[in-house]
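Below is one structure, written out as structure tokens; comments come after it.
The values are calculated or read from the model by the stated rules, or taken from the named source; none is laboratory data. Just so you know, these numbers come straight off a predicted model, no measurement behind them. Cβ atoms come from the backbone with ideal geometry, glycine included; neighbour counts cover every protein chain shown.
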Amino acid sequence: MKKNLTTLFFLRGARTPNSSEANIYVRINLNGERAELSIGRKIDPQKWNSKMQRVIGRSETARTLNDYLDTWDNTIKRAFNKLLDNQDEVSASILRDMVTGKFDKNHTLIKVFEKNNQLIKLEEGAKYGTDQIKRYGISIERLKAFISEDLGLKDIRLDKLNHDFIRRYEIFLRTKYNYSHNTTMKYLKQLKRVIHFAMEQDYIEHDPFFNYKTAEKEVKREVLTEDELARIEKKNFRIKRLEEVKDIFLFVCYTGLSYSDLKLLSKDNLSIGIDGKHWIEYKRKKTGIQVKLRLLPIAKQIIDKYNNDEQCLTGNKLLPVKSNQKLNLYLSEIAELCEIDKKISMHIGRHTFATTVTLTNGVPIETVSKMLGHKSLKTTQIYSKVVDTKISNEMEQLEKILASKGETGQELEVQSKKSIV
């Protein structure tokens, strides 16, 4: 969009008993928006030509003041051209702040986002996981793309952020990258955290996210039933890659490890606990939380199976873990061969541990939360809802069975009375 800039010098302030002069102001007009400021000079209104916007006369005083007005005019135009050349946001208020020295380019969204990312990078491994930091890096790239494509800018001032900006960014994420609702909300929440960081630094006074909903929708967490898990356990595969993937998947089902933690496991993570049993100790990559987990027999058997595996020995790994993409691809084959009508992934193995293996079998939710390495019990309670659904369905079936038995009992009672008669 073409940007039309005009400047207007005018007088403000009528004569007073103590002064016969009025203040000279400049008004910056840009596409309908205007901003005004005093240039710090005064003039007798009778010596001012409002049409020419200059001082009347050829005196040294008049010439000096008119030169000063020309300087202001040129300064505003240079600031305007500089913003255009840099593809920065241009507005009347920004031009006013630039010529008065109040404009701080660091108080723009991308600059603050970059500062935030630099700071969280310093806490890598302590407060933030590598994957979290990587997601903040992706988030800023998405934001840059939006500001460039939607606004035609390289950056935007913090005080220009509002609900309209957020809503348009939300639509951009959904349409440009085809993100789901929850993925879109994750990007908005990261932006929200950066905005709150800016507020803590006094870079911005208002919260553009105030009253803007960023709630994620509850999604159905797919898990394997006991029967489906047993089918995979009992299935033997002649193809080596499928047998390895089966073992790795079962290991996750009986330990609850995420893929990012699983691929980092080495023999150094194994230990003998105070109970004399085998344990795994590791720090979660995502949250940095230290996790201690006693191995179930099937998990220990899988580790022992790969003790002398060449890939494990070479890389000092517990299991021959492939890329997450390949594992999930091969798991689709396994699901089909085991006649399981579900899209199985490595993360479903973690969900299965939380529900089918532990919570369903009476392991307290607090214990499950610690084994999963969750920061908050609220995160684990998502799985308890899955278990509640399972209980509800089973009780529904039980109710039908009992009702059926009741009807059978009534029939027998009627037949008995007929026999007596």
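A few points about this structure:
- Count of region 361-384 residues, restricted to those that are of a type outside the set (A, V, I, L, M, F, W, C), assigned to a helix (DSSP H, G or I) and either touching a residue at least 40 places away in the same chain (Cβ under 8 Å) or in contact with a Leu (Cβ under 9 Å, 6 or more places away or on another chain) (or both), is 7.
- Here N211 meets the list (1) without any contact (Cβ under 8 Å) to a residue 60 or more places away in the chain; (2) in a loop (DSSP other than H, G, I, E, B); (3) under 26 Å from L84 (Cα atoms) almost entirely, failing just condition (3).
- Spans of strands (runs of 3 or more DSSP E) in region 240-333 with at least 1 residues modelled with pLDDT under 95 and small (G, A, S): 270-272
- Just one of the listed residues (K326, K322, K343) is surrounded by fewer than 19 Cβ atoms within 10 Å (Cβ to Cβ), of a type in the set (K, R) and over 17 Å from F251 (Cβ atoms), namely K343.
- When residues of region 252-282 are limited to those that are among the small types (G, A, S) and in contact with a strand residue (DSSP E or B) (Cβ under 9 Å, 6 or more places away or on another chain), the one surrounded by the fewest Cβ atoms within 10 Å (Cβ to Cβ): S271
- In region 283-316, residue surrounded by the fewest Cβ atoms within 10 Å (Cβ to Cβ) [restricted to those that are of a type in the set (V, I, T) and closer than 28 Å to N236 by Cβ]: T314
- Every residue from region 303-330 that is hydrophobic (A, V, I, L, M, F, W, C), more than 18 Å from D268 (Cβ to Cβ) and in contact with a helix residue (DSSP H, G or I) (Cβ under 6 Å, 6 or more places away or on another chain): L327
- Per the listing I204, I166, I147, the residue uniquely surrounded by 13 or more Cβ atoms within 10 Å (Cβ to Cβ), of a type in the set (V, I, T) and assigned to a loop (DSSP other than H, G, I, E, B) is I204.
- Lone qualifier among R174, R168, R135 - being basic (K, R) and in contact with a Phe, Trp or Tyr (Cβ under 8 Å, 6 or more places away or on another chain): R168
- Of the residues making up region 234-280, those that are within 36 Å of the chain's Cα centre (by Cα) and within 19 Å of M371 (Cβ to Cβ) number 23.
- Test result for L143, of a type in the set (A, V, I, L, M, F, W, C) and in contact with a helix residue (DSSP H, G or I) (Cβ under 7 Å, 6 or more places away or on another chain): yes
- Every pair of residues 6+ apart whose Cβ atoms lie under 6 Å, when the first sits in region 164-192 and is farther than 17 Å from F210 by Cβ while the second is hydrophobic (A, V, I, L, M, F, W, C): F172/F146; Y179/L173; T184/L173; Y187/L173
- Of all residues making up region 150-163, the number that are surrounded by 14 or more Cβ atoms within 10 Å (Cβ to Cβ) and assigned to a helix (DSSP H, G or I): 5
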